[in-house]
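The values are calculated or read from the model by the stated rules, or taken from the named source; none is laboratory data. This one's a predicted model, so the numbers in the text were calculated from it and none came from an experiment. Positions of Cβ are generated from backbone atoms using ideal geometry, with glycine treated the same way; all protein chains shown enter the neighbour counts.
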Amino acid sequence: MPAPVISVVIPFYAEGATLAEFLSSVTTALDKSGWSYELVLIDDGSPDNTWTTIMGAAARYPAIRALRLSRNFGKELALCAGLERARGDAVIVMDGDGQHPPALLPDVLHLWQTTGVDIVEAVKTKRGPESLSGKLSALLFYIILNKLSGFDLKGASDFKLMNRKAVNAWLEMHERNVFFRGMTVWMGFTTVRLPFEVAPRSAGKSSWSYLKRLRLAVTGLTAFSSFPLQLVTLAGAVFFVFAVLLGAQILLELIIGSALMISLGIVGEYLARIYEEVKGRPRYVVTESIESANTQPLPAADATRPITGP
Ligand code: UDP
Ligand code: MG
């Protein structure tokens, strides 16, 4: 069987309820476009009936190839598994929850064919119904990522067409920490953007917990910027300068302090002597004396008597 021209890679996690309907809208859209295609479906370790539904669909549509991961590895790795197996000249990646409208597929293919670009990227004009905190944290993430890495990923989605050249380049990236959106932007290649509005989920709820989102954000940031690493060196340098300045200041204060203490000590020495003098005590005290009778008693000491000869 010749390789199909278009591969559509779709990861599914617990989408059993809507999968059959979703697949029929995908095949309808692709049939309309007139290209030959294959669907590469990945069951990312779903706990529900996703796999049996996929098997049922595969019996009806020969274009389906599917694989089931042994456990839930996360969407990015499910995409990896799909991309490695896709055989098409162009590969389209899309979500399996209906948020990436299958009706857009003919437009994506048409744009690829008419422009001859390597990548057609569907960009969100409006994020789907999401909580305010979800929107804000996504915005913050894209701002930080843009500042750190220089790549503008705002509006980027995982709804893309890549030609064989781009897919092969993507497969050359062997990292374990996969951030699909960022890696395709990083590769470069000629890209056109096709705006679309994110549809509400067809059923269920997004399986991205805050923790999972945060983990993907950290993967994205660390994969595209080594600035956080350099930040440590920078902090070290800044603290070193502080330490030297602070050390010099403390040394100076110690020197000044000890000079002051020595000066005070010297002043104290003089002060002690002045104190002794101020007290004006006699130099000595006599307790008894003997004078012989013929001897003239010495005149009493008279400090005011002028010193004269004998
Ligand atoms: N998905 C997956 N593995 C997971 C989580 C999600 O394959 O661990 C699939 C899911 O079935 C859907 C797509 O990835 O087709 C997008 O998931 P979701 O709608 O939960 O994410 P969001 O639209 O909120 O980014
Ligand atoms: Mg979704």
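May I ask you to list the residues in segment 72-83 that are more than 16 Å from ligand 2 (Cβ to nearest atom) and either touching a strand residue (DSSP E or B) at 6+ places or on another chain (Cβ under 7 Å) or at pLDDT 95 or above (or both)?
Passing the criteria: A81, G82, L83.
F196 - would you say it is within 23 Å of T50 (Cβ to Cβ) and either touching a helix residue (DSSP H, G or I) at 6+ places or on another chain (Cβ under 7 Å) or at pLDDT 85 or above (or both)?
When the stated conditions are applied, F196 does not pass them.
For segment 126-161, name all the residues that are aromatic (F, W, Y), part of a loop (DSSP other than H, G, I, E, B) and under 14 Å from F179 (Cβ atoms).
Correct list: F151 only.
Being away from ligand 2 (no atom under 16 Å from the Cβ), of a type in the set (S, T, N, Q) and surrounded by fewer than 14 Cβ atoms within 10 Å (Cβ to Cβ) is the filter here, so list the residues in segment 194-227 that pass it. Even if it seems obvious, please write down each step before you answer.
In the first step, residues of segment 194-227 are kept if they are away from ligand 2 (no atom under 16 Å from the Cβ); the result is 194-195, 211, 214-215, 217-227.
So of that shortlist, the ones also of a type in the set (S, T, N, Q) come out as 219, 222, 225-226.
Within segment 194-227, S226 is the sole residue that qualifies.
Can you tell me which residue in segment 117-133 is farthest from ligand 1 (Cβ to nearest atom), limited to those that are touching a residue at least 24 places away in the same chain (Cβ under 8 Å) and out of contact with any helix residue (DSSP H, G or I) (no Cβ under 7 Å at 6 or more places or on another chain)?
Among them, the one singled out is V117.
Restricting to segment 184-220, name every residue that is among the hydrophobic types (A, V, I, L, M, F, W, C) and out of contact with any Ser or Thr (no Cβ under 9 Å at 6 or more places or on another chain).
We begin by selecting, within segment 184-220, every residue among the hydrophobic types (A, V, I, L, M, F, W, C); these are 185-187, 189, 192, 194, 196, 198-199, 203, 208, 211, 214, 216-218.
M187, F189, L194, A199, W208, L211, L216, V218 - these are the residues of segment 184-220 that are among the hydrophobic types (A, V, I, L, M, F, W, C) and out of contact with any Ser or Thr (no Cβ under 9 Å at 6 or more places or on another chain).
I want to confirm something. Restricting to segment 21-53 and keeping residues that are exposed (fewer than 15 other Cβ atoms within 10 Å of the Cβ) and in a helix (DSSP H, G or I), which single residue is nearest to ligand 2 (Cβ to nearest atom)?
Looking at the filtered set, the residue picked out is E21.
Would you tally the residues in segment 67-108 being assigned to a loop (DSSP other than H, G, I, E, B) and within 11 Å of ligand 1 (Cβ to nearest atom)?
Going through segment 67-108 one residue at a time, the tally reaches 12.
From the residues in segment 89-111 that are away from ligand 2 (no atom under 16 Å from the Cβ) and among the acidic types (D, E), which one is nearest to L79 (Cα to Cα)? Walk me through it before giving the result.
If we filter segment 89-111 for residues that are away from ligand 2 (no atom under 16 Å from the Cβ), which is where we start, we get 89-92, 103, 105-111.
Narrowing further to those that are among the acidic types (D, E): 89, 107.
Working: D89: 17, D107: 22 Å.
So the residue we want is D89.
Regarding F180, is this residue closer than 14 Å to D158 by Cβ and either hydrophobic (A, V, I, L, M, F, W, C) or surrounded by 15 or more Cβ atoms within 10 Å (Cβ to Cβ) (or both)? Don't jump to the end; show me each part of the working.
Details: closer than 14 Å to D158 by Cβ: yes; either hydrophobic (A, V, I, L, M, F, W, C) or surrounded by 15 or more Cβ atoms within 10 Å (Cβ to Cβ) (or both): yes.
Yes: the conditions hold for F180.
For residues that are within 16 Å of A81 (Cα to Cα) and of a type in the set (D, E), scanning just segment 156-210, find the one that is farthest from ligand 1 (Cβ to nearest atom).
Residue satisfying both the conditions and the ranking: E172.
Yes or no: segment 172-185 includes at least one residue that is touching a Lys or Arg at 6+ places or on another chain (Cβ under 8 Å) and either away from ligand 2 (no atom under 16 Å from the Cβ) or free of Cβ contacts under 8 Å to residues at least 12 places away in the same chain (or both).
yes
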